[in-house]
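Worksheet for the structure shown next.
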Amino acid sequence: MKPTLHTVAPLAMMLFLSGCMVGPDMQAPETPMPAKFSEGGKNSNGDVTTATWWTAFSDPRLNHLMTEGMSKNLTVLQALEAIEQARQGVVVAGAGSLPSLAGSASETVSKSNGVNATPQRSTTSGSLSVSWLLDLFGQYRRAKESANASLDASYATADVARLTVISNVATYYVNARYYQQLLAIARENLKTRRDTLDLTKAQLDAGAASRLNVVQAEGLVNSTLSDIPGLETNFRQQVNHLSTLLGVPAPTLLADMQRSGPQPVARDRIKAGIPADLIRNRPDIRKSERQLAAAVANIGVAEAKLYPSVQLSGSISPLYLASSPLTGSGASWSFGPSLSLPIFEGGALRANVKSSEAAARAAYLAWKASVLQGIEETENAMVAYNRDRATVSALRASVKNYEEALNLSKTNYKNGASSLLDVLDAQRSVATAQQSLAAAIRQSALDYIALNVAVGGGYAAGQDKAGE
C-alpha cells in the first residue's frame, strides 16, 4: 500500500517534535572574582597543569618518586577505572533513544499413538520485533548529556587524585629529609656534648671542675640521646607514607631513603597568575563545574517525563508446518505507534523536577565554594612562601652567630675565663638555632609545594591531555 499524506503527516510531525528538548541548557557558571591576588601580578599564568615544578628542588630521587607515584598510586588507578565506568554510562544513557531489535526462533515435533493417532508433525516458528521510543522532549538526549558531563567529572576526579599524589609525595619526602637533618644535627651535637663531658671529667680530675659540672654535662648528653629514637621513628613513618603512595614495600624504599640527602630547597619564584586561571587549571573546580552540568541536564530528564511519549513498534512471526502428508507455512505481522500520557502521578513527577532543580542549585553553590577555596589556598600559600626566604636567611645568620659564640665559650672555658654553664648554654643555643633553621627550610619547601598545588600545577605532567 502506498503511503498517503494522511498516514505520513503524523509520523513527520513526531519526527519534527523529536528535535525538541525541554529543560535549561548549561551556561558557564559565574561568580565575582578579584582581578589579582593580594601579592600577585595581573598577568595570566596560562596552562600550568604540565609544569614539573618539583624539579626546582634539583633532587633526582624526588623526581623519580614523583614519576612512580603518578603511574603506580592505587588511588589514581581506581580513579582511572571510574572513568571507564562513566564511559560505559554514556553508552547506557544514549541507548534508550535508539531502536531496539529482538528475535526468537523455536521448533517443536509432535506425534500421538493409539486410537486417535496423529502423524508426526514438525512446527518451526520465529519472531522479529522492533521498537523505537521517540525522544520527543529530549529525555534520553538530556540523560546522555548528563552522562557525558559525569564522564568529564570522572576525568577531573582522576586529575584531583594525581594532584593529591604529587602533593603528598613531595610533602612526605620533604618531611623525611627534615627528620634526617634533625638526626644529623642531634648526632653532631651529641658528639660535641660528649667532647665537653670528657673535657669536664678531665678538669674534675685536675681539680679545676666540680662534680656538679660533670653531672650537668652528662645531663645534656643524655637529653640529646633521648631525642634520637623519636626522630628515627618520625623519619621511618614518613618513608612508610611514601611507600603506601607508591605501592612498594616499605623496606625497599627505606634502604634507598637511608642514603641521606640534603633538605630540599626550592630555588624558584612562583608566578601565581590571576584568580581566573584557577577555573581552568584546578581539577577540583573543573570537577564541580562538570557536576553542575550533569545536574542541569537532569532537570531536562525530569521535565521530559511530564510529557507524552510515543513508541513505534512492530513484529513479524513466520510459521512453517511440516507433516505427512501436509506441509504448509504462514506469517503474521503487526506495526503501529503507542502513546503514553502521564495523567495522575500523585505529584511525583513535578516533585522530581523540583528536586532536580534544587540539586542543580546546590551544585552551583558547590562550584562557587570550590572557587573560593582555591583562591584562599593560593592566597595563604603565596603569603607564606613570600616570607619564608627572609626567615631562612635570618636563621642562617643566627646559626653562624651561635656557633661562633660556642667556639668562644669553649676557648674561654679551657682558659678558665668562663664557666661550664656558659659552654652548655652556648651548645643549647646552637642546637636550637640549627633545629629552627631546619624547620624553616622545611616550611619553605612545604609552602612552595602548597602554592604550586593551589594553582593546579603539575598533575598533567607526562599525560596526553588531548587524548582525554
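Pick from region 47-91 the residues that are within 16 Å of ASP159 (Cβ to Cβ) and of a type in the set (S, T, N, Q): which of them is farthest from the chain's Cα centre (by Cα)?
Applying the filter and picking the extreme gives THR52.
For residues in region 62-94 being farther than 30 Å from LEU253 by Cβ and touching a residue at least 40 places away in the same chain (Cβ under 8 Å), which is most open to solvent (accessible area, probe 1.4 Å)?
GLN85
Kindly provide the set of residues from region 62-92 that are in a helix (DSSP H, G or I) and polar (S, T, N, Q), ordered by number. Let's see the steps before the verdict.
Quick first cut of region 62-92, residues in a helix (DSSP H, G or I) only: 62-72, 74-92.
If the condition is that a residue be in a helix (DSSP H, G or I) and polar (S, T, N, Q), then ASN63, THR67, SER71, THR75, GLN78, GLN85, GLN88 are the ones that fit.
Residue check: is ARG187 open to solvent by 70 Å² or more (accessible area, probe 1.4 Å), within 27 Å of LEU446 (Cα to Cα) and under 52 Å from the mean Cα position of the chain (by Cα)? Write out each step before concluding.
On the way: open to solvent by 70 Å² or more (accessible area, probe 1.4 Å): yes; within 27 Å of LEU446 (Cα to Cα): yes; under 52 Å from the mean Cα position of the chain (by Cα): yes.
In short, yes.
Which residue, of ARG282, ARG286, ARG259, is surrounded by fewer than 21 Cβ atoms within 10 Å (Cβ to Cβ) and of a type in the set (D, E, K, R)?
Numbers: ARG282 fails: surrounded by fewer than 21 Cβ atoms within 10 Å (Cβ to Cβ); ARG286 fails: surrounded by fewer than 21 Cβ atoms within 10 Å (Cβ to Cβ).
Being surrounded by fewer than 21 Cβ atoms within 10 Å (Cβ to Cβ) and of a type in the set (D, E, K, R) holds for just one of ARG282, ARG286, ARG259, which is ARG259.
Give me the pairs, please: first residue somewhere in region 187-201 and touching a residue at least 60 places away in the same chain (Cβ under 8 Å) and of a type in the set (S, T, N, Q), second residue anywhere and in a helix (DSSP H, G or I) and open to solvent by 20 Å² or more (accessible area, probe 1.4 Å), beta-carbon distance under 6 Å, and either six or more positions apart or on two chains.
That search, which allows pairs on different chains as well, returns THR200/ASN213.
Please work out which residue is least open to solvent (accessible area, probe 1.4 Å), limiting yourself to region 133-161 and to residues that are under 15 Å from ASN298 (Cβ atoms) and outside any helix (DSSP H, G or I).
Checking each candidate, the answer is GLY138.
Every residue in region 1-40 that is assigned to a loop (DSSP other than H, G, I, E, B), over 20 Å from GLU145 (Cβ atoms), open to solvent by less than 60 Å² (accessible area, probe 1.4 Å) and at pLDDT below 90, please.
Hit for region 1-40 is GLY40, nothing else.
Matching residues to (1) surrounded by 13 or more Cβ atoms within 10 Å (Cβ to Cβ); (2) under 30 Å from VAL174 (Cβ atoms); (3) at pLDDT 90 or above:
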{"site": "ALA202", "(1), (2), (3)": "no, no, no"}
{"site": "ALA206", "(1), (2), (3)": "no, no, no"}
{"site": "ALA217", "(1), (2), (3)": "yes, no, no"}
{"site": "LEU220", "(1), (2), (3)": "yes, yes, no"}
{"site": "GLU232", "(1), (2), (3)": "yes, yes, yes"}
{"site": "GLN238", "(1), (2), (3)": "yes, yes, yes"}
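Does region 280-294 contain at least one residue that is at pLDDT below 90 and within 30 Å of PRO34 (Cα to Cα)? Reasoning before the result, please.
So in region 280-294, the residues at pLDDT below 90 come out as none.
No, every residue in region 280-294 fails to be at pLDDT below 90 and within 30 Å of PRO34 (Cα to Cα).
State which residue is nearest to GLY207 (Cα to Cα) when the search covers only region 410-426 and only residues that are open to solvent by 50 Å² or more (accessible area, probe 1.4 Å) and not in a helix (DSSP H, G or I).
Going residue by residue through region 410-426, those that are open to solvent by 50 Å² or more (accessible area, probe 1.4 Å) are 410-412, 414-417, 419, 421-422, 425.
Filter once more, keeping what is not in a helix (DSSP H, G or I): 415-417, 419.
Working: ASN415: 14, GLY416: 12, ALA417: 16, SER419: 14 Å.
Result: GLY416.
The values are calculated or read from the model by the stated rules, or taken from the named source; none is laboratory data. Everything numeric here is computed off the predicted structure, so don't read it as measured data. Positions of Cβ are generated from backbone atoms using ideal geometry, with glycine treated the same way; all protein chains shown enter the neighbour counts. Surface accessibility is based on the protein's heavy atoms, side chains included, excluding ligands, DNA and RNA. Shrake-Rupley method; radii C 1.70, N 1.55, O 1.52, S 1.80 Å.
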